[in-house]
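Input: a single structure, listed below in structure tokens.
The values are calculated or read from the model by the stated rules, or taken from the named source; none is laboratory data. Small disclaimer: the values here were computed from a predicted structure and weren't measured. When we count neighbours, we look across all protein chains shown, and the Cβ atoms used for this are built from the backbone with ideal geometry, even at glycine. Remember, those area values only see protein heavy atoms, side chains included, never the ligands or the DNA or RNA. Shrake-Rupley method; radii C 1.70, N 1.55, O 1.52, S 1.80 Å.
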Amino acid sequence: LPRLSLLSNFATHFREAGQPIEIKATLSGLDANQRYELHLEMEDASGVAVAEKTVPYRAEPASSGREAAETNPPSDATAGTRITEVWRLSPQPYGFYRVRASLRQDGKVILTRETTFAVIDLASMKKRRTGEFGWTIARSVDGISVDDLVLIASQAGINWLKIPLWRPATSDDPRKAIEVSELLQSLGGVHIEPVGLLNDPPPKLRAQFARNWQGISEIFAMPSDFWSPYLEPVIARCSSTVRYWQLGDDTDTSFQGLNRVPDLLARIKREFDRIGRDTHVGIHWDWRTPVPANLDVPQTFLSLSSSPSQFGDRSGPGMPRLKLPSSSIAQWIVLKPLSESAATVEQRASDLAKRMVAARIAGADAIFAWDVFDPEFGMLHSDGSPKPLFLPWRTTAVALQGAEYLGSFRLAGGSTNHVFARDGQAVLFLWNKKPTAESLYLGENVQIEDLWGRRRPLRVEPATRRHRLKVGPVPQIVLGCSDAIARWRLAVRFEKGRVRSEYGGHQDALLLTNTFPQGVNGTISLTLPRDWEVEPRSWTVSAARGEAIRLPLVLTLPTDASLGTEQVLIDFDITADRRYRFRVARPYQVGLGDILVEVRDRKLEDGRLEIEQVIINRTDPLEILNFRCHLFIPGHKRQKQFVIKLGRDKDKKYYYVPNADELRGKELRLRAEQINGRRVLNKRWIVGQSWDDPPK
């Protein structure tokens, strides 16, 4: 009976970047006088073929091993012997790879095997001792050794690991108890905090409850002298290495709906402390269920399940929104990825990375991946080989571990971005719904990394002194950004940032803070929208470390400045440890929002263009307003309307122009001048942009 296997252990699943690749396939049971082919192929995370190899074999009738070895050519083998084929490849770029082996007989595939591996920078024993990210293992795993599991976990960017302990620690099989003890001891050596999942009570205890029980709360709601004898051996055996215990897994919602949950948790924790020491006790809680108001038991936690739908509106390129329940106890988030059957690898990776970022921004105390061995949602095969989501999880977790959230930049292309700081450097996550180019200066030694760990240096363009970033729907990570410049960008703002749409000068000020660890000096200049005036336009500044600076200015708008938001560009040329030149864009709003001008255009059946003008008065305290309105159309006579004594209400006026099709796509301007006042309201728009929209 022909057999085919691929060597599978930690060393074959995780390869150090820059090292050659070896794939070992073992054949046995080949029929005598039959011809076979072993076909090997390798592809990357996107399914693109990277390499392939085909080796022919012919099994001869068995004879003495020495004679067969001397007379048969290299591709021949003696029937019944084992053949190991070693496929050697040059070092591969960072990323995820899948290897398929197919044994063919007479051109037909009779056996196939598959394995995967990841090319990464292997984490050293000096990895971060603490972090927010963790994995969940929901059931016992028999297809992987303790040593391999620990080595894999040490490379996953995690500092927490949930594992079932109740049944393995009390098993009649002494090997199980020894494996549990070895696993817990080894996890401490790679700075991973074990969390004991009490989701698998011993059969003798479980048998005392109905077959369709509601969950683990049925046991722990009983008096402690009922369940404590079953738990004492587990806590006593594991108390030296396990301080965190979760009652039930992340599908068990049985504590929800119980009366006096805080009192019950406090009673359970007292019993755990009697047996062990310094224990933390937690329960699973569904996101959509309100948390009891007085749930403030010390050293307890909630493990909050989440799916993509529980992150609120996720349409468009924006950030998944995440708001933690109001509670004083620790809150852990469990992220369940999109299923393999519901989305592509890129969609799954993108969704997972965005939700990991959202969870960090929300301030979760710990962030766990759903059962990593789950066939549909997991990150590992049962033998420990990585699945496609392993690298996106690892790359994102490593970038975010222990990082401080700073905020978001305002980028010209509108790309969603989030900035974190750690160890004196900034990390930038960014993406956009559609392919976009962004241009900004981020630092001197910057690298860009995709979710599969592929990195490349990001060079500064000599002409602009900026980095050019190609952004798309899948998040990218920019590493090595200047912490000082990132904080400087986020701190710069206008004191008011908005002015009335009226004649005359408007006083404002530019506010900034020296975020460098030393004094700085240099120049600052403004670039304003067309025909705007500002005094002064530039400043020479010097500031000590941490010093706040206020630069007064007077802004004068042109009479045709449109209502809405314009971009003001602020250029910095400063010297700290070296010379830095960078640009920051800041929005400036014309109009205070107390008077709104809306314009709608439509094509009438007779071919004319109808323009509807709506002016809304929201002044507080209320002002009675009069306006002289003008419609400017290229090549046409100016049209005029009057708005008289507009109170807290809206006023509608209509304009009509012949031949709407000729004006479609052209920019028109509406101007409303306040009679006996300084306000001038301008509105520009493109004709016909909404003609094809479905009726509301």
By a straight-distance test (C-alpha under 25 Å), which lysines pair with Lys269 as possible cross-link partners, with residues fewer than eight away in the same chain excluded?
Lys162, Lys204
Two pseudo-spin positions, 7 Å from Cα along C-beta at Thr112 and at Ser542, lie apart in nanometres by 7.3 nm
Based on the Cβ-Cβ distance from Asn212 to Ser328, what FRET efficiency comes out when R0 is 51 Å, to the nearest 0.05?
0.90
Under a cut-off of 17 Å between alpha-carbon atoms, report the aspartates and glutamates in cross-link reach of Lys24, not counting same-chain residues fewer than 8 places apart.
Glu37, Glu41, Glu43, Glu52, Glu85, Glu114, Asp383
Segment Thr464-Asn259, extension gain: residue separation times 0.36 nm, minus the distance between their alpha carbons:
67.4 nm
Proximal lysines to Lys354, defined as alpha-carbon separation beneath 22 angstrom and excluding residues fewer than eight positions away on the same chain:
Lys323, Lys336, Lys387, Lys433, Lys434, Lys470
With DNA, RNA and ligands ignored, accessible area of Trp685 (1.4 Å probe; Å², nearest 10):
30 Å²
Modelling each spin label as a point 7 Å along the Cα-to-Cβ direction, I'd like the Ile549/Asn33 distance in nm, to one decimal.
9.1 nm
Dividing the helical contributions, -39500 (n - 2.57) per DSSP H run of n ≥ 4, by the residues of the chain yields a 222 nm value, nearest 500 deg cm²/dmol, of -5000 deg cm²/dmol
Once the Cβ-Cβ distance between Asp620 and Thr527 is put in as r, and R0 is 45 Å, what FRET efficiency do you end up with, to the nearest 0.05?
0.85
